[in-house]
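Here, each number is a calculation from the coordinates, and none is a lab measurement. Keep in mind the model is a prediction, meaning the values are calculated, not measured. Glycine gets a Cβ as well: all are built from the backbone with ideal geometry, and neighbour counts include every protein chain shown.
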């Protein structure tokens, strides 16, 4: 009877062992495949480049020459006109850059005056700086690509021109140039290829505003 019981126990345990072995092997295979997918996705993102566009749009109530805005900004400008009803909008600068996924941007430059009120003299450049600490590409769970910019920073020194009210007879008043510091720090997310308003900076005594608009998309291979 003992020998029969042992034989029955072995015959009963063997299928259970085989089932457990198969489940363990299947789980390990699934984990290995998932790990391979994650590693492949990480390598894919490591090789991914993005083309970014930063638009510096000036909103003003002054009478300035009309300038054609990029067609890609038409829907956004319509929204801006409802939220910020300035008389005129124009693009003061467009910055195009390429950055690697999980990379960073660091750019500084000297340009012409961003505001029309400061453009009365050629000796009033603006000093600008644009930084992004980390650019990341993620999936929102619905198959859409989301681009995150962590540590987005823009700063500029704007020349403000005023005039001395006291001048010698027959001479025009002397211009007085003062620089005003303004900037923005934030973290943003955006859908690929869709321009978004990062923020607005009110500058100058005329009440003009610099509107920061950002867009990014995959670089062509």
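Remarks
- Highest average packing first - 127-139, 99-111, Cβ atoms within 10 Å: 127-139, 99-111
- Available extension along the chain between residue 100 and residue 72 is 7.7 nm, counting 0.36 nm per residue and deducting the alpha carbon span.
- Distance-filtered residues of segment 174-202 - backbone nitrogen under 20 Å, label point 7 angstrom along residue 144 Cα→Cβ: 187-199
- Residues 86, 152, sorted so that the one with the fewest Cβ neighbours within 10 Å comes first: 86, 152
- Full-stretch length increase - residue 174, residue 108 - with 0.36 nm per residue and alpha-carbon distance subtracted: 20.7 nm
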